[in-house]
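Quick notes on the structure that follows.
A short reminder: the numbers here are calculations on the coordinates, not readings from a lab. Keep in mind it's a predicted model, so treat the numbers as computed, not measured. All Cβ positions, even for glycine, are placed from backbone atoms using ideal geometry, and neighbour counts span all protein chains on display.
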Amino acid sequence: MAEEQTVQSEATEERTERLDPATRARRDAALRHVRVYGDPSLRSRARSIEVFDDALADEVKRMGRLMDDALGIGLAATQLGVMHRLLVYRVDPDAALGVLINPEFGYKSDELETMEEGCLSLPGVGVEVERPLHVRVRASDETGAPVVVEASGLEARVIQHEIDHLDGVLILDRTSRDQRKQAMRAMREAMAGRQPDSSPAVSA
Ligand code: ZN
């Protein structure tokens, strides 16, 4: 596990260094829409969605574009300052966009896994977070149709990360005190522009 994580963060550094200028510019433009640490919308509980209209469908498409441009694997509406219960995610680049509205956990496994996570709202931060390995979530899609997702591994992780966002919870709340301290330092440096681009691969 520890070895895997090292490999992953090295691969990330390579990947971000090699971003071509157009991809990097698109990423920076997308990230300007994402609220960062200190913004109250990251610390508030979002309200349920009652109306499934064209505006909601448009919002879902926009979130999918911003997530892709930001090179993230998940995005919650609250990260854009929109305080309702909508999240999008995509773990497999070839998969359709995952859309969960008003998500509720039906099941969380007792089996846990620890992995490094990053967050589009916490620049420069990568911390280890322990989460259930398997989850089942009931939600609606953007048309209001019911959806049930059974997810494991990274997919289960990103869904839990985004549902946390809808409840005002951040990965800083789910890691050790030591890692939180280091994360706060890394974030200050990243936000001051001293640390060019070292966001971890798995940012959501
Ligand atoms: Zn996040």
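Would you mind telling me which residue in G106, G193, G98 has the biggest mean-square fluctuation in a Gaussian network model of the chain, where springs connect alpha carbons within a distance under 10 angstrom?
Among G106, G193, G98, the largest mean-square fluctuation in the Gaussian network model of the chain belongs to G193.
Applying the Karplus parametrisation 6.51 cos²θ - 1.76 cosθ + 1.60 with θ = phi - 60° to the phi angles of region 103-112, what ³J(HN,Hα) value in whole Hz is obtained for each residue in order, glycine and proline being reported as x?
For region 103-112, the Karplus curve yields x, 9, 6, x, 7, 10, 6, 6, 6, 10 Hz.
Could you give the size of the charge dipole of the chain about its Cα centre, using +1 on the Cβ of each K and R and -1 on the Cβ of each D and E, expressed in debye and rounded to the nearest 20?
In total the dipole reaches around 840 debye.
Give me, ordered by chain and number, the residues 5 or more places off E113 or on other chains with an amide H under 5 Å from its own placed amide H.
So E113 has HN proximity to R131, L133.
Give a residue-ordered list of calculated ³J(HN,Hα) values for region 41-58 (Karplus: 6.51 cos²θ - 1.76 cosθ + 1.60, θ = phi - 60°; whole Hz; x for Gly, Pro).
5, 7, 10, 10, 8, 7, 8, 5, 8, 10, 10, 10, 10, 4, 4, 5, 4, 5
Take the alpha-carbon centre of region 39-93, take the same for region 122-147, and report the distance between them in whole Å.
Each part reduced to its Cα centre gives a spacing of 12 Å.
Taking the simple approach of a point 7 Å from Cα along Cα-to-Cβ for both E128 and D92, what is their distance in nm?
3.0
Per DSSP H run of at least 4 residues, take -39500 (n - 2.57); add these up for the chain, divide by its residues and hand me the 222 nm value, nearest 500 deg cm²/dmol.
-11500 deg cm²/dmol
Tell me, in nm to one decimal, what length is gained between R177 and D110 on full extension, where the rule is 0.36 nm per residue of separation less the Cα-Cα distance?
That works out to 21.8 nm of additional length.
What order do you get for R185, R180, R90 when you list them from fewest to most C-beta neighbours inside 10 Å?
Going from sparsest to densest Cβ surroundings: R185, R180, R90.
Which three extents, in whole angstrom, do the alpha-carbon atoms of the chain cover along their principal axes, largest first?
44, 40, 34
What distance in nm lies between label points placed 7 Å from Cα along the C-beta direction at R35 and T23?
So the label points at R35 and T23 sit 3.0 nm apart.
For region 71-85, what does the Karplus curve 6.51 cos²θ - 1.76 cosθ + 1.60, with θ = phi - 60°, yield as ³J(HN,Hα) per residue in whole Hz, taken in order and with x for Gly and Pro?
Computed from phi, the couplings for region 71-85 are 6, x, 10, x, 7, 9, 4, 4, 5, 9, x, 9, 8, 9, 8 Hz.
Pick from V51, V129, V82: which is most flexible by mean-square fluctuation in a GNM of the chain where alpha carbon atoms under 10 Å apart are linked?
Checking each option, the largest mean-square fluctuation is seen for V51.
Quick one: which of 116-125, 52-61, 161-170 comes out on top by average Cβ neighbours within 10 Å, and what's the full order, highest first?
Per-residue mean Cβ counts within 10 Å order the peptides as 116-125, 161-170, 52-61.
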